[in-house]
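Just so it is clear, none of the values below were taken in a lab; they were calculated from the coordinates. Just so it is clear, the model here is predicted, and its values are computed rather than measured. Cβ placement follows ideal geometry from the backbone for every residue including glycine, while neighbour counts extend to all protein chains displayed.
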Amino acid sequence: MKFNTKTIHGGQENIDPAYHSVMPPIYQTSTFKQEKIGQHPEFAYARSGNPTRAALEKSLASLENGTYGLAFGSGLAAIDAILKLLKPGDEVLCTNDLYGGSYRLFTKIYEDFGIKFRFVGMSDASKIGSFVNESTKLIWIETPTNPMMNIIDVAAVAQIAKRNKLLLAVDNTFATPYLQQPLDLGADIVMHSATKYLGGHSDVVMGALVVKDKALADRLYFIQNASGAVPGPQDCFLTLRGIKTLHVRMQRHCENGKAVAHFLKSHPKVDKVYWPGFEDHPNHNICSKQMTGYGGMVSFTTKTGARESAVQLVERLKVFTLAESLGGVESLAGHPATMTHASIPKEEREKTGIVDSLIRLSVGIEDIDDLIDDLKQALA
Ligand SMILES: *Cc1c(COP(=O)(O)O)cnc(C)c1O
């Protein structure tokens with residue numbers, strides 16, 4: 001099955017044996033009647049499993065070319081489950097430019113449990129090997145990174161992980177499986193904040209993991225059930241509904257993202273534009289090799305470099321909404337230094353380029369003329 005068919009049908013055979021509904025029913029129940037003691041029905045208690053969630057989990061597995069999907073109450077709950085594979089003393093090698101909430105979870109929660117995190121630049125994958133030691137257990141990457149749009153060579157990192165018997169987890173939130181399929185590139189775990197493009201309509205908070213390996217899936221399922229950060233059936237339904245149009249939305253996100261990136265690059269008041277589709281992007285070739293498009297996320301700085309001018313610009317936008325988050329049908333604008341990345345100390349932030357004048361756009365699927373006009377008036 002091709003990807004554009006999988007978004008609609010992947011893993012959705014026989015989702016409603018009772019009435020053959022085309023969309024899975026929302027099983028708003030916490031428990032299921034058991035006929036006899038000692039029988040183990042497929043669904044017994046809704047933390048352990050719910051048919052609506054199962055339909056979503058099968059869809060997720062299909063989209064990422066995995067065998068097992070797991071849905072969580074948020075993207076961070078999904079990351080949290082991965083970290084619970086580790087033990088005190090273990091080390092995680094992670095990108096130095098990552099989602100602020102991931103950084104906070106790593107440094108403010110899991111460091112207290114004795115897990116060590118090393119943040120290193122990974123734009124040049126050949127340098128990663130030198131940071132591996134006998135305590136390293138997991139490599140954590142995000143590509144494209146948030147908000148600097150750095151690209152990491154997933155296949156190259158996967159080789160280093162395999163050679164050293166480490167797990168490789170990829171936060172695929174920005175790319176989505178429409179543009180990039182990390183399991184095919186050798187990753188062990190794909191993670192999503194399905195709150196973003198997969199859900200796609202800014203109406204649900206949801207996380208996901210997809211893996212191929214049965215033993216790893218069993219362990220993660222054990223953690224999902226034992227820790228309990230599961231999503232409710234209504235949210236699973238909404239995410240599944242969002243996924244049905246992922247391919248058409250992503251196609252438009254890519255077109256609009258490209259137009260916005262080129263417009264900004266040609267504007268006299270704009271300084272740097274971060275978008276991996278530019279040929280002078282440092283890892284443009286790797287991006288073109290591992291992704292089938294460049295996505296709808298664009299970051300830029302203004303020439304004044306001042307925090308005030310960035311803040312004013314974002315506040316003047318009318319079609320772009322000033323808001324956290326990304327990946328919905330509507331265009332959003334954010335100021336990473338005070339919003340999504342405020343939990344990262346200023347010195348750490350600036351080392352990776354998240355300066356006070358940086359603005360991040362999640363380019364939606366509105367008419368491109370309206371988006372460009374909006375940016376024009378805000379920059380003027
Ligand atoms: C939003 C986001 C997360 C966290 O997901 P939530 O659903 O908000 O918990 C993780 N990684 C990236 C790249 C994100 O954009």
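Descriptive notes on the structure:
- Counting beta carbons within 10 Å around each of E315, E91 and listing the fewest first gives the order E315, E91.
- Theoretical gain in end-to-end length, T292 to K351 [0.36 nm per residue, Cα-Cα removed]: 18.3 nm
- The distance from the alpha carbon centre of the stretch 288-347 to that of the stretch 359-374 is 12 Å, rounded to a whole number.
- Environment charge of S357, counting only residues whose C-beta is closer than 13 Å and scoring Lys/Arg +1, Asp/Glu -1: +2
- Sequence of F3, F300 once ranked by neighbouring C-beta atoms within 10 Å, starting from the fewest: F3, F300
- Shape call, the stretch 241-283: gyration tensor on alpha carbons, a/c limit 1.5: prolate
- Taking label points 7 Å from Cα along the Cα-to-Cβ direction, F32 and S343 give a separation of 3.4 nm.
- Angle in degrees between helix 246-265 and the longest Cα principal axis of the chain, rounded to the nearest 10: 20 degrees
- Extension gain, S325 back to R104 (0.36 nm per residue minus Cα-Cα distance, nm): 77.9 nm
- Across the stretch 147-156, coupling constants 3J(HN,Hα) worked out from phi with the 6.51/-1.76/1.60 Karplus curve, θ = phi - 60°, read x, 8, 6, 6, 10, 10, 6, 4, 5, 5 Hz, and Gly and Pro carry x.
- Counting lysine pairs in the stretch 246-379 whose alpha carbons fall under 17 angstrom apart, excluding pairs fewer than 8 residues apart on the same chain, gives 11.
- Crossing angle, helix 233-243 versus the chain [Cα axis fit, 0-90 degrees, rounded to tens]: 50 degrees
- Direction-averaged projected area, Cα convex hull, the stretch 83-206: 7.4 nm², rounded to one decimal.
- Backbone HN-Hα couplings from phi across the stretch 81-91 [Karplus 6.51/-1.76/1.60, Hz, Gly and Pro as x]: 5, 5, 5, 6, 6, 9, 10, x, x, 5, 10
- Net charge dipole size for the chain [Lys, Arg +1 and Asp, Glu -1 on Cβ; Debye, nearest 20]: 520 debye
- Cα centroid separation - the stretch 126-198 against the stretch 22-76, whole Å: 27 Å
- For the stretch 85-219, share of DSSP beta bridges that run antiparallel, in % to the nearest 5: 25 percent
- Taking every Cα-Cα distance in the chain and sorting them into 20 Å bins from zero, the calculated P(r) comes out as 29, 57, 14, 0 percent.
- Lys/Arg +1, Asp/Glu -1 at C-beta; the chain dipole; positive extreme among S126, V311, I365: S126
- With Cα atoms, 0 to 90° folded angle of helix 51-63 axis to the chain main axis: 50 degrees
- Calculated on the alpha-carbon coordinates, the convex hull of the stretch 246-379 measures out at 108 cubic angstrom per residue.
- Working from label points 7 Å from Cα in the Cα-to-Cβ sense, the N14 to N164 distance is 4.4 nm.
- Charging the Cβ of each Asp and Glu at -1 and of each Lys and Arg at +1, and nothing else, the dipole of the stretch 242-380 about its Cα centre rounds to 240 debye.
- As a rough guide to protection, the peptides 22-29, 132-139, 73-80 ranked by mean Cβ packing within 10 Å, highest first, stand as 73-80, 132-139, 22-29.
- Length gained when the stretch N4-D373 is fully extended (0.36 nm per residue, less Cα-Cα span): 129.7 nm
- Beta bridge orientation in the chain: antiparallel %, DSSP, nearest 5: 55 percent
- In sequence order, the stretch 296-307 has phi-based couplings of x, 9, 9, 10, 7, 10, 9, 5, 5, x, 8, 4 Hz under the Karplus curve 6.51 cos²θ - 1.76 cosθ + 1.60, θ = phi - 60°, and Gly or Pro positions carry x.
- Here the stretch 179-290 is treated with +1 on each Lys and Arg Cβ and -1 on each Asp and Glu Cβ, and its dipole about the Cα centre works out to around 260 debye.
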